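J.: This structure is in structure tokens; I'll ask about it shortly.
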Amino acid sequence: MPAFIKKHNIGLHRFDFAITLIIISILVTVLLYSVNRIQTNIQKLTHEAELNNIRLAIAESWVHKHAIHESVNVQDLVNTNPMRFINERPSNYIGEKSVKPSGLYSIWYFDTLKKQLVYVYSNHAEARYILTNTASKTRASLLSTGGLDLVLIANQ
């Protein structure tokens, strides 16, 4: 076989290898993007499930107090830490804090200065909630009971 044909074949193999690496790189990039998006969606679902569990626990506490004929003044409970009313707190609840904990993500804490329950996502974003009286509101979550609900604060 002539030498120029061998050199031509070697060049084709290198070109094929480079194209293969480019295609694999593109596929890996798309895969990593999809995994990241799925992880974000799972975290949002977990956050929503924990939020609904907290709302149910608040409702359970309110119903229990009424069942034993204990008076409940909703106005006294507004802007307080809702975690105080529930027996089983989420495992990622770290307590009452006056400053945002650094380096911790996917956690709940109660901001004592702003009187808000805060969830910190892994991308540093926060969702802030206040315990409020829904009697004067036009909307409430389906899990609100006795005029109490955790309401998301928009545009912080």
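The values are calculated or read from the model by the stated rules, or taken from the named source; none is laboratory data. In this text the structure is predicted, and so the values were computed from the model without any measurement. Glycine gets a Cβ as well: all are built from the backbone with ideal geometry, and neighbour counts include every protein chain shown.
J.: Against the definition (of a type in the set (Asp, Glu) and surrounded by 16 or more Cβ atoms within 10 Å (Cβ to Cβ)), how does residue 88 come out, yes or no?
T.: Working: of a type in the set (Asp, Glu): yes; surrounded by 16 or more Cβ atoms within 10 Å (Cβ to Cβ): no.
No; evaluated as a whole, the condition is false for this residue.
J.: Turning to a different aspect of this structure: Run residue 55 past the list (1) under 30 Å from the mean Cα position of the chain (by Cα); (2) at pLDDT 90 or above and report the number of the one that doesn't hold.
T.: Answer for residue 55: the failing condition is (2).
J.: Only residues that are more than 12 Å from residue 131 (Cα to Cα) and under 25 Å from the mean Cα position of the chain (by Cα): list them for segment 60-88, please. Before the answer, list the steps.
T.: So the first thing to find is which residues in segment 60-88 are more than 12 Å from residue 131 (Cα to Cα), and the list is 60-73, 86-88.
60, 61, 86, 87, 88 - these are the residues of segment 60-88 that are more than 12 Å from residue 131 (Cα to Cα) and under 25 Å from the mean Cα position of the chain (by Cα).
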